[in-house]
Amino acid sequence: MDPQNGEESDDKWMPDNLPLDSFKKTIYHYYGEDTYLEIDRYVRHKATGSPCSICGCQLCHSHPSSGDKKVWNWEISLIDLKKSAEKCMACDMIWQAALFATLDARATGNSINLRLEKPYNGGQLFLQCLRKEDDGDHWVTYEFYRSGRGADPPLFGIPTRPHVTGASKSNLSASIAWVKKQMKICDDEQEHPCYNATKTKFLLPKRVLDLWYPEEEPLETRVRLYEPKKNKKGEWATLSHCWGNTDPICTTTTNRKDFLQKIPWENISATYKDAIQITRLLGIRYLWIDSLCLIQDDREIWRAEASNMAEIYKNSYITIAATSAIDNDSGVLKPEPFTNSHQLTLFQPTADQRTPEVVIARETVPVFIRKRFDHKPFSMTKEFEEPRLLTRAWIYQERILSPRIIHFCDNDLVWECEADFACQCGFLDQPGPPVATVKQGQRNKLAGGKWMKTAYLCTSTAPRDVKVPQGDLRFKWKSFRDRVSDYGRLDLKFPRDRLRAIGGIARQYQPSECGSYFAGLWKETLAQDLTWHASGEKHTRESWEALASGNFVAPSWSWASVTHPSYYLLRSSEEDEPLFDLIDCHIKWKGDDEFGECESGFLILSGLKQEATLILMRSDESHGETQHFWVKIPLISTRPSVSVNLDYQIDHQHFSPIDLPEGDSGSLDEDNDSWIEDDEVAIGQSKEKFTVFLLSTYAALLLRKVNTEEGEFYTRAGIVLGLRELDFWNDLPMTMVTIK
């Protein structure tokens, strides 16, 4: 800022001999690029350089990092910090914050490790304190904020924020007022992406809870199951929640008629009761809860009704997410308000203008400190664990499809709609990353003129009304694979639901150019969709086969056939060109829903295949011994640059040991089935033969042959990457394989 007129200045330095104002003495000093310190000597203290710029002490130092991010790190004794606090308001603020952050700080004279971090220009100031605990050292983050009127804080980056007490039963009115404020933004601003959606009323689901009936009951306990007429439209809220280990109240073929009259209030769980109260206060009459609005004791009826869940969440007015509740007994609302704020005792002295040495007043500086709220799922920070609700697979599509969600977190409310994130504490409103990164993830890919919501890990756009211009269909297909990668990391109680729990998202891609749906894969992009990788802790081959035979979920070529996470790698479009032909695909579904449960299925492909041996490798790396696999193809005399990712573990009993030659070298060839190079050793080769089936120049399927009385077929065992030596493939004939 220009000290004379308050405008931006391009000067890279500020001379010490600037004219002084006749009414107050001001000194300017330069502290780093585009930063200078302005001190109104007797009236105001303000610093943008290192925390101790005002008093000139050398206890801490400024260490700006690359870009806009600035972090000050220092290890300091409490005695020295306290001494500096006596003459520097900035140090006094840090001193009081350190006492609050470190429980035993006042009782010891030991040094403490502190970080003062201002993540990005215009961002909020944070204090990190290193706490030594039994399980190691942990950096705990606290935020500074101000509330109400008063003198300016001694450091920049301290925004005005509300005191947050969380959504509790005793302060619910304040929480509801904040939610209504967010809803009003969506409802009233014509340029808002949610505007048209909020003006449209959709057909009510087959069953909802009517919260205003029967009239003879007290309002707080009125609730019944309601089956509207076929063409009745209206607004409804949905509940997104964790069942946990408790069995919630359910609608069955036996009690359905009774529930149409009245649902006993005393039988309703705490989470459901809170959701009912919140829905009423929002002025919404109908509420949809899965266990009460779907028949739960008849699997066939449930499958038919559950196939509409995507539309129920997609067309809902708002979704109430019990984000912090671990089960149905936990409740959405906390019993009592939460507070972790602490006001720092700071005063700004005001001097007599005629006699500057005389202090005539002390003005309160309203600065507070509190532990930083958990916003990881919304701001991409890595400091906190995800709330349990957001780790559930079923919740993934509920969150993606819902146009507006209010998350009831442990200590805060978080609003999520098609255009924005917001939180009651104000953190998500600050400019600059990481929040801007999330918001930009919503805005950087337009489709059909509508903003697209980010995924769970902010890796792709949501499929709501996906309209991609011609020529950009690869982006659309890839977006579904991104969804699968995100979804595969989440928890699912019943493996049979693996396809159904993402079926609502898959359904949004039809009708489209993606073609037919093949149990989690698409016909038009089959070459790319077959290249999924299994990760995480895997089953052994025996347990995987037993699981598949006893509880069939999907054919082996589908990512849904494995219970551990699966993901896709990014590749260039040239490497994705298919080198095979699709002859046939047959899927038998349970019921009529092609996005639901799968009963059986097979693929018939025509392409190039070659017998191969699986080689077990050992790597002696600096961080410990690891084991992985390579593929040996007889027609390749030298070691190809190929690696294998298996869909399941193969125990050593399925490998024949290789006698290692003496010395530190070897080769992987016909004469000597061992190889030592760069600390890699071949220690075994598979007893059975595998088949490599070429998908593209980039990838191939690793298949196992299965012989039965009905004939032979193959099952997928893994994916082979890096097949660059294609000369030998040219002489092979096209062969048909059946993969189940």
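Structure summary
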quantity: Subset of the range 169-205 that is surrounded by 16 or more Cβ atoms within 10 Å (Cβ to Cβ) and among the small types (Gly, Ala, Ser) - its residue that is nearest to ALA321 (Cα to Cα); calculated: SER175
quantity: When residues of the range 694-734 are limited to those that are part of a loop (DSSP other than H, G, I, E, B) and within 34 Å of the chain's Cα centre (by Cα), the one modelled with the highest pLDDT; calculated: LEU695
quantity: Among residues of the range 313-343, those that are assigned to a loop (DSSP other than H, G, I, E, B), of a type in the set (A, V, I, L, M, F, W, C) and under 19 Å from ILE276 (Cα atoms), counted; calculated: 5
quantity: Within the range 493-522, tally of residues that are modelled with pLDDT of 90 or more and among the charged types (D, E, K, R); calculated: 3
quantity: Lone unmet requirement of (1) surrounded by fewer than 23 Cβ atoms within 10 Å (Cβ to Cβ); (2) closer than 28 Å to ARG404 by Cβ for SER240; calculated: (1)
quantity: Long-range neighbours under 7 Å by Cβ, at least six apart or interchain, first residue over 14 Å from ALA306 (Cβ atoms) within the range 491-510, second β-branched (Val, Ile, Thr) and at pLDDT below 85; calculated: ASP491/THR391; PRO495/THR563; GLN508/VAL466; TYR509/VAL466
quantity: Residue within the range 219-233 that is touching a residue at least 40 places away in the same chain (Cβ under 8 Å), loosely packed, with under 12 Cβ neighbours inside 10 Å and either assigned to a loop (DSSP other than H, G, I, E, B) or among the hydrophobic types (A, V, I, L, M, F, W, C) (or both) present; calculated: yes
quantity: Residue in the range 611-634 that is modelled with pLDDT of 80 or more, crowded, with 18+ Cβ neighbours inside 10 Å and more than 27 Å from SER696 (Cβ to Cβ) present; calculated: no
quantity: Test for THR246: is it crowded, with 20+ Cβ neighbours inside 10 Å and either assigned by TED's automatic domain parsing to the domain that holds THR271 or at pLDDT 90 or above (or both); calculated: no
quantity: Any hit, the range 285-299, residues being modelled with pLDDT under 90 and under 25 Å from ARG500 (Cα atoms); calculated: yes
quantity: Selection count, the range 643-693, where residues are among the small types (Gly, Ala, Ser) and modelled with pLDDT of 50 or more; calculated: 5
quantity: In the range 270-293, residue surrounded by the fewest Cβ atoms within 10 Å (Cβ to Cβ) [restricted to those that are assigned to a loop (DSSP other than H, G, I, E, B) and under 28 Å from the mean Cα position of the chain (by Cα)]; calculated: LEU282
quantity: Residue under evaluation THR238, criteria (1) under 23 Å from SER324 (Cα atoms); (2) without any contact (Cβ under 8 Å) to a residue 24 or more places away in the chain; (3) not in a loop (DSSP other than H, G, I, E, B), criterion not met; calculated: (2)
quantity: Leading residue by the ranking (farthest from THR364 (Cα to Cα)) among those in the range 144-169 that are more than 28 Å from the chain's Cα centre (by Cα) and not in a loop (DSSP other than H, G, I, E, B); calculated: LEU155
quantity: Long-range neighbours under 6 Å by Cβ, at least six apart or interchain, first residue closer than 13 Å to LEU209 by Cα within the range 242-262, second of a type in the set (Gly, Ala, Ser) and buried (at least 16 other Cβ atoms within 10 Å of the Cβ); calculated: CYS250/SER291
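The values are calculated or read from the model by the stated rules, or taken from the named source; none is laboratory data. All values reported here derive from a predicted model rather than from experimental measurement. A quick note on method: Cβ atoms are made from the backbone with ideal geometry, for glycine too, and the neighbour counts reach across all protein chains shown.
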